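Working notes, structure below.
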Amino acid sequence: MSRTYNLADLFEVVADAVPDHTAIVAGAQRRTYRELDDRATRLANHLHANGVNKGDHVAIHAMNCAEWVEAFFACFKISAVPINVNYRYVEAELRYLYDNADCVAVIVEPQFRERLGAVIADLPDVRLVLEIGASYDAALAAASPDRPNLGRSNDDLYVLYTGGTTGMPKGVMWRHEDAFFATMNSARGNKELVRPEDLGPEVAANASPMTMMAIGPMMHGGAQWMLGNGMFVGGTIVLYCERGFDADAILRVLEREHVNSVNTIGDAMARPLAEAVMAAPAGTYDLSSLWAFGNGGAPLSAAVREQLKAAVPHAAIMDSFGASETGATGAKVDAGEGFGAPRFTMGPHTTVLSESGEQCAPGVTGKLARTGHIPLGYYKDPEKTAATFPSFYGKRWVVPGDFARIEDDGTISLLGRGSVSINSGGEKIYPEEVEAVLKKHPAVFDAVVVGTPNERWGEQVTAIVQIRPGAELSEADVRAHCRTELADYKTPRTVLFIDEVHRTPVGKADYQWAKATALRLIG
């Protein structure tokens, strides 16, 4: 059978090539590629037999588990579209998401059934609810084991709902072919794949497939992309399935499963891992198999980088940058340079553009832009699509709003989103750049920067700082430290010390909380 760059086709090519390799480890659950393929096939057939057709949207409302992955590929097998549901959402958010995504079916974990039940009456399009557990297993057992194909193509949709940090969540629509090459091809070194069938011999020839661990939830794009990257090289994906972040539990899994690479999301995940290793007696954790920390989604501070290097000195730190709208855009191995702003080596289709769509000269601030394999746009939002996916000189780009500049060595520094930039006296200041410098101070445990009103300058830079236990730090100390690396107008005019800096559940800066807190404390 001729294959396409459809994610189901690619997965089946790998499953046929290495059927007995372990594909998924999720707590006590383990699946070989053969088992995962069979269960995804049976689930696909059950969905189709119950009215889920090509192009229909199916919500996956669960924490990390093997069934999450089964549902993901089951949808693709019948050209349906899996919709990632944030299991932390309350009723109003769920009502919006299910309605906006036009879901016709839901695969739900038992612990979220009650919350789903509270909104289901408002979702007339939902015609099938399948609860993970006995009902789910019975449905698979009764379904056909024959692989379905309703006419898969490169143009089938993969929709990824964003986290909604700048408004309500938006569904980013990718063609399968674009999604594969832009988000799930990094582990292959972004090599060409002339024919989808060629993936099979390539994977079968890999004598040492890697084992990768996703700490973050599969409901987020970064974890889904790590899943795809690992699977399309025939590797093993280890999911973290506990409800709360437990550094000891994660380290025990890394040890038990001989994990080679673990993905973190900024200091919120990396710091407790490093500190747990450093605090434990020597030999408590055997991390000899771990050769890389892959960090993305939120930057690592210089202090935490040094902690990771001290805790696991043989492991490299690989920084990556991506967004729901851009895919896996850039990466860089930490070589100890200590840049003030995150800096990446970008692919050939990524650059920095001016407002008129021309490439910026080195040192000139513009907006990060990518062309080539990019999304179609936002689901049911043509206005936002037109703004984020413009065309310049006959070429279509995605410009998600990240300010950036090209450096003299060709790398690109990321300065932050325009939605949280600070305009002080006509100068644009990007919080991430100031935060990176603040967190270099040995007494600073965490920091977030926002703009607050200033009668003379319009806005001023205000820093919210959490001091390390036992350390002492004054406002004057903070400003003096910042002036060693930042222009005076970027230096915080006000420094607010607080017991704990709040972050989002995945470790990103919570600028809404920070703004409200700063205004309250300033009065």
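In region 303-337, of all residues being under 21 Å from the mean Cα position of the chain (by Cα) and more than 30 Å from M173 (Cβ to Cβ), the one that is surrounded by the fewest Cβ atoms within 10 Å (Cβ to Cβ) corresponds to V333. Selection within region 123-165: residues that are in a loop (DSSP other than H, G, I, E, B) and β-branched (V, I, T). The member of this set that is surrounded by the most Cβ atoms within 10 Å (Cβ to Cβ) is I132. Looking only at region 282-294, decide whether some residue is acidic (D, E) and part of a loop (DSSP other than H, G, I, E, B). Yes, because at least one residue in region 282-294 is acidic (D, E) and part of a loop (DSSP other than H, G, I, E, B). Just one residue in the set P148, P169 is over 25 Å from W397 (Cβ atoms) and touching a residue at least 24 places away in the same chain (Cβ under 8 Å); that residue is P148.
One residue alone among P209, P272 is part of a helix (DSSP H, G or I) and surrounded by fewer than 22 Cβ atoms within 10 Å (Cβ to Cβ), and that residue is P272. Consider region 8-60 and keep the residues that are touching a Gly at 6+ places or on another chain (Cβ under 7 Å) and over 25 Å from S135 (Cα atoms). The one that is surrounded by the most Cβ atoms within 10 Å (Cβ to Cβ) is V14. Among the residues of region 481-523, those identified as hydrophobic (A, V, I, L, M, F, W, C), under 20 Å from A443 (Cβ atoms) and exposed (fewer than 15 other Cβ atoms within 10 Å of the Cβ) are F497, L521.
For region 234-252, the tally of residues that are in contact with a Pro (Cβ under 6 Å, 6 or more places away or on another chain) and closer than 19 Å to A15 by Cα stands at 2.
Going by what's in this entry, would E435 be described as of a type in the set (D, E) and farther than 18 Å from D319 by Cβ? Criteria not met by E435. Within region 348-395, restricting attention to residues that are of a type in the set (D, E, K, R), modelled with pLDDT of 95 or more and in a strand (DSSP E or B), the residue that is surrounded by the most Cβ atoms within 10 Å (Cβ to Cβ) is R370. Of all residues in region 425-439, those being surrounded by fewer than 19 Cβ atoms within 10 Å (Cβ to Cβ) and either part of a strand (DSSP E or B) or at pLDDT 90 or above (or both) number 2. Within region 94-129, being within 25 Å of W225 (Cα to Cα) and either free of Cβ contacts under 8 Å to residues at least 24 places away in the same chain or touching a Leu at 6+ places or on another chain (Cβ under 6 Å) (or both) holds for Y98, A105, I107, V108. Summed over region 440-482, the residues that are at pLDDT below 90 and over 33 Å from the mean Cα position of the chain (by Cα) give a count of 5.
Scanning region 323-347 for residues being within 25 Å of A487 (Cβ to Cβ) and in a strand (DSSP E or B) gives a total of 3. Close Cβ contacts (under 8 Å, 6 or more residues apart or on different chains) running from residues in region 454-474 that are outside any strand (DSSP E or B) to residues that are modelled with pLDDT under 90 comprise R456/G425; W457/S424; W457/G425. Just a yes or no: is a residue in region 495-513 closer than 21 Å to M269 by Cα, in a strand (DSSP E or B), modelled with pLDDT under 90 and of a type in the set (A, V, I, L, M, F, W, C)? Checking region 495-513: at least one residue is closer than 21 Å to M269 by Cα, in a strand (DSSP E or B), modelled with pLDDT under 90 and of a type in the set (A, V, I, L, M, F, W, C). The set of residues from region 175-191 being outside any helix (DSSP H, G or I) and at pLDDT below 95 comprises G189, N190, K191.
The values are calculated or read from the model by the stated rules, or taken from the named source; none is laboratory data. Just so we're clear, the structure is a prediction, and the values are computed from it rather than from any experiment. All Cβ positions, even for glycine, are placed from backbone atoms using ideal geometry, and neighbour counts span all protein chains on display.
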